[in-house]
Amino acid sequence: MNTLYCIIFVLALASASRAQTNATTAAIPQGKIRGPFPWKSAIYPGTEREYWIYVPEQYDPAKPACTMIVQDGLSRATGWNLPAVMDSLIHLGQIPVTIGIFIDHGRVPATGNHLGRYNRSFEYDALGDRHARFLLEEILPEVAREYNLSTNPDDRCIAGASSGAICAFNTAWERPDAFRRVLSTIGTYVGLRGGDVFTTLVRKTEPKPLRVFLEDGSNDLDIYAGGWWTANQSMLAALTWAGYEVNHSWGDGGHNSEHARQILPEALVWLWKDYPSGVKTHPNSARRMDLALAGEDWREIPLGDAKASQLAVDHTGQVFFASGSLVYSFGANGRVIRVGDAKGTIGGISFHRNGKMYLGDLSGKKIIAAEGEERFRDVVTGVIADHIAITGKGIYFSDTDDERVGFFSFASGDVTYAMLPGGPTGLSVSAEQTFLSVGVKDRVLGYSFRINDDGSLNFGQEYHHYHVPHGSGTAGVRGMTTDTEDRLYAATAMGVQVFDPLGRVNFIFSRPVNVGFDDIKFGGSGFDTMYITGEGRLFARKVKAKGTLAWGHPAKPPKPGL
């Protein structure tokens with residue numbers, strides 16, 4: 001520790017001992033601990049728990065206060081000597097005026113005189129957004145009934161030890177729009193409930209605005225689920241490589257709070273450094289796929305009363321989208337214009353090199369082509385086309401319910417099918433127009449088929465390995481598209497997962513405002529803007545890539561690295 005931290009730590013210990021002189025006691029105002037308060041959760045049904053509130057002497061109800069949420073309740077906070085440390089650091093101006101919420105994990109009582117169900121691992125070690133929702137929808141609104149709490153994510157710190165530590169990190173990871181400062185001590189980033197995947201997801205997912213302090217000791221646990229010491233070092237390596245604001249303190253202790261208590265003042269001062277400046281993202285340019293542009297994020301395109309589902313792009317990069325039976329265009333001038341009514345429920349939608357738009361008419365069980373405003377002709381009948389991809393050879397379409405991909409040949413007029421082990425969803429043709437990628441409903445792996453000279457498909461194999469959201473058996477793959485370097489972009493429940501030509505996810509674009517994705521296409525005048533639809537909304541984002549048109553001229557991508 002440097003001299004400042006040593007001074008802070010000494011003051012914190014002095015406050016904690018309550019053995020100061022009257023002058024020292026007067027110099028460091030002591031906050032109050034209120035509680036315990038009981039809480040019965042709806043998000044964790046049947047659970048009962050308690051929480052405590054630390055209120056600093058400097059709290060002014062007229063000013064929104066920062067918040068520090070601690071897992072494992074008052075016992076964890078006092079084990080860290082946290083109230084005394086906060087007294088001292090707030091007094092010294094090293095951290096802002098902060099209200100502490102020290103909350104226990106839940107327990108479901110059993111009937112009769114029996115042990116209950118302890119929810120600690122279920123709530124803390126699990127991935128997903130349930131715990132974030134528990135805090136945002138239940139606990140924080142309840143505490144805010146009495147205290148003026150800031151809703152700025154930069155004004156919230158979340159902390160924990162062991163399973164509580166991975167809970168704190170996961171909560172901020174899932175909702176960086178609500179939590180941005182994380183204190184993790186002896187963190188359980190191991191394979192108890194899937195937490196070991198974080199070292200991979202941190203590297204692959206675009207950086208989030210988080211500041212993280214890690215603490216652990218070389219004699220921490222080493223059990224069937226993994227080693228805490230090596231897992232925490234791997235987390236540090238991943239966060240550092242990915243460009244996060246991350247700091248750490250390593251010791252030689254075991255699975256306890258002794259070292260965390262010693263370095264707590266240092267950790268809190270660093271977590272709140274430069275406040276009230278916000279936590280920033282620092283993208284790492286050393287990523288294998290350097291796709292994200294600095295300062296560029298998802299922006300929503302107002303659609304009025306229209307609801308966007310599937311997308312298509314013409315040769316100029318103009319974007320079109322289906323909404324029920326209607327087709328709309330979105331131009332460079334920002335205007336959304338209705339361009340036609342197919343008089344049926346639209347599935348897939350795509351352009352062809354002849355300039356015509358082709359659509360899957362699901363209610364009519366056919367594929368139709370636009371011949372002019374409000375005029376369509378049948379191209380092929382008796383087919384279901386949930387998604388469409390068109391090349392010069394013909395039309396590929398996904399028949400989801402019948403678990404097959406169809407091909408309509410422009411040359412012969414015949415329809416042939418390739419079967420899959422599940423319902424196909426999105427389709428995308430490779431940059432050289434030699435392979436067809438297919439998303440598969442309710443499956444973890446996506447398929448790749450070879451496109452033969454006559455356009456037919458063969459040699460299908462489970463080629464793409466998706467990341468799957470916690471608690472789901474499938475990646476939720478919907479639309480797909482490909483760029484000039486033959487990278488596949490798949491709209492999934494986790495975001496846009498980007499594959500290298502060997503079928504491996506290298507990068508994940510996060511979802512905008514927790515919206516699930518439906519379709520994705522490259523558009524704009526330079527074909528360097530990603531457009532996605534989700535829950536009827538349309539979003540755009542400029543990136544360091546250029547899309548291909550399956551019906552255009554084939555691209556020549558570089559040879560993939562193995």
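Nothing in this text is a laboratory measurement; each read-out follows from the coordinates by a stated rule. The structure presented is a predicted model; accordingly, all values stated were derived computationally and were not measured. Reconstructed Cβ throughout: ideal geometry from the backbone, glycine too, with neighbour counts over all protein chains shown.
Observations on the structure shown:
- From the C-alpha gyration tensor of the range 3-271, square roots of 5λ in Å: 27, 23, 19
- Rounded to the nearest whole Hz, the Karplus-based 3J(HN,Hα) values (6.51 cos²θ - 1.76 cosθ + 1.60, θ = phi - 60°) of the range 428-441 follow the sequence 8, 8, 5, 4, 8, 6, 10, 9, 10, 8, 9, x, 10, 4, with x at glycine and proline.
- Local charge for Ile388 was computed over the other residues whose Cβ lies under 13 Å away, with Lys and Arg +1 and Asp and Glu -1, and equals -1.
- Neighbour-count order for Trp270, Trp228, fewest beta carbons within 10 angstrom listed first: Trp270, Trp228
- Spatially close lysines, pair count over the range 299-542: Cα under 25 Å, gap of eight or more or interchain: 24
- One decimal place: the segment Asp290-Leu326 gains 9.3 nm when fully extended, by the rule 0.36 nm per residue minus the C-alpha distance.
- Amide H within-cut-off set for Phe410, under 5 Å, with H built and near neighbours excluded: Gly394, Ile395
- Convex hull volume of the chain per residue (C-alpha atoms, cubic angstrom): 181 Å³
- Each of Ile90, Val55, Thr205 was scored by the projection of its Cα onto the charge dipole of the range 3-271, and the greatest displacement toward the positive side belongs to Val55; charges sit on the C-beta of Lys, Arg, Asp and Glu.
- Cα shape, the range 410-533, gyration tensor, a/c 1.5 rule: oblate
- When each of Met68, Met289 is scored by the number of other beta-carbon atoms lying within 10 Å, the sequence from fewest to most is Met289, Met68.
- Each helix, a run of at least 4 DSSP H residues, gives -39500 (n - 2.57); summed and divided by the residues of the chain, these come to -5000 deg cm²/dmol at 222 nm.
- Bridges between two residues of the range 3-271, per DSSP, are antiparallel at a rate of about 35%.
- Cβ crowding within 10 Å averaged over residues, with 525-538, 437-450 ranked highest first: 437-450, 525-538
- On Cα atoms only, tilt of 82-92 relative to the major axis of the chain in degrees: 90 degrees
- Amide H contacts under 5 Å for Tyr466: Gly446, restricted to partners 5 or more places along the chain or on a different chain, H placed in the peptide plane at 1.01 Å from N.
- Cross-link partners of Lys556 among lysines (Cα-Cα below 18 Å; sequence separation of 8 or more within a chain): Lys544, Lys546
- Gain upon complete extension [Leu502, Thr230; 0.36 nm per residue less C-alpha separation]: 95.0 nm
- Net dipole in debye of the chain [+1 Lys, Arg Cβ; -1 Asp, Glu Cβ; about Cα centre; nearest 20]: 440 debye
- Eligible aspartates and glutamates near Lys32 by straight Cα distance, threshold 12 Å, same-chain separation 8 or greater: Glu57, Asp87
- The ellipsoid equivalent to the alpha-carbon distribution of the range 299-542 has semi-axes of 24, 23, 16 angstrom, derived from the gyration tensor eigenvalues as √(5λ) and listed largest first.
- Amide hydrogen proximity for Gly128: with H placed 1.01 Å from N in the peptide plane, the residues at 5 or more positions away or on another chain lying under 5 Å are His470.
- Summing charges over neighbours of Gly253, with a neighbour being any other residue whose Cβ is under 11 Å away from its Cβ, gives -4 when K and R count +1 and D and E count -1.
- Using θ = phi - 60° in the Karplus curve 6.51 cos²θ - 1.76 cosθ + 1.60, the 3J(HN,Hα) couplings for the range 515-524 round to 8, x, 8, 10, 8, 8, 8, 8, x, x Hz; x is entered for Gly and Pro.
- Selection from Phe407, Val327, Gly460, by position along the positive dipole direction of the range 299-542 (Cβ): Val327
- Once the chain from Thr434 to Leu362 is taken as fully extended at 0.36 nm per residue, the excess over their C-alpha distance is 23.2 nm.
- 16 Å Cα-Cα reach of Lys204 towards aspartates and glutamates, excluding residues that sit fewer than 8 places from it in its own chain: Glu174, Asp196, Asp290, Asp500
- Centroid-to-centroid separation of the range 86-129 and the range 503-545 [C-alpha atoms, Å]: 36 Å
- For the range 3-271, averaging the sequence separation of C-alpha pairs within contact (under 8 Å, six or more residues apart) and dividing by the residue count gives a relative contact order of 17 percent.
- In order along the range 318-325, the Karplus-derived 3J(HN,Hα) couplings, from 6.51 cos²θ - 1.76 cosθ + 1.60 at θ = phi - 60°, round to 5, 9, 10, 9, 8, 8, x, 9 Hz, and Gly and Pro are given as x.
- Sequence of His105, His114, His282, His553 once ranked by neighbouring C-beta atoms within 10 Å, starting from the fewest: His114, His553, His282, His105
- Relative to the longest principal axis of the Cα atoms of the chain, the long axis of helix 3-17 lies at roughly 60 degrees.
- Rounded to the nearest 10 degrees, the angle from helix 228-241 to the longest Cα principal axis of the chain is 60 degrees.
- Relative contact order of the range 208-262, pairs being alpha-carbon contacts under 8 Å that are 6 or more residues apart, as %: 49 percent
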